[in-house]
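Every number here is computed from the coordinates shown, using simple stated rules; none is lab data. Computed from a predicted model, the values in this text were never measured in an experiment. FYI the Cβ positions are ideal-geometry reconstructions off the backbone, even for glycines, and counts take in every protein chain you see.
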Amino acid sequence: MEADAQPHPEYEQAGRDLELGDQLREIRRRRGLSQKSVAERAGMSQPALSRIESGGGIPDIATLVRLGAAMGVRFRVELIVDDDTTEIEPLTVHHRQVANV
């Protein structure tokens with residue numbers, strides 16, 4: 001890759017998708033929950049949760065809220081936007097425990 005070449009936006013998005021999926025999977029595992037139980041509690045299918053955890057796309061806010069409730073955590077989603085561009089920086093999901101599940 002040349003020094004002045006810009007990364008492809010689709011690769012950057014895929015990296016963000018993977019990062020979010022990794023974070024969600026890690027939270028679920030630390031809570032000792034299976035994909036099946038979290039998916040059922042969140043009102044979605046286990047394959048849909050698996051796709052999210054595998055980097056298959058960033059879920060909408062409503063889905064994140066349901067997933068958090070299913071895992072007994074709340075998420076704070078931070079979007080960082082540079083005012084000089086319309087580019088959005090990586091999505092960061094912070095969590096904290098709200099109840100034992």
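What ranking, highest mean first, results for peptides 68-74, 26-32, 44-50 when packing means the other Cβ atoms within 10 Å averaged over each residue?
My ranking of the peptides, most packed first, is 68-74, 44-50, 26-32.
Which order do the peptides 16-25, 58-67 take when ranked by the mean count of other beta-carbon atoms within 10 Å per residue, highest first?
Most protected by this proxy first, the peptides run 16-25, 58-67.
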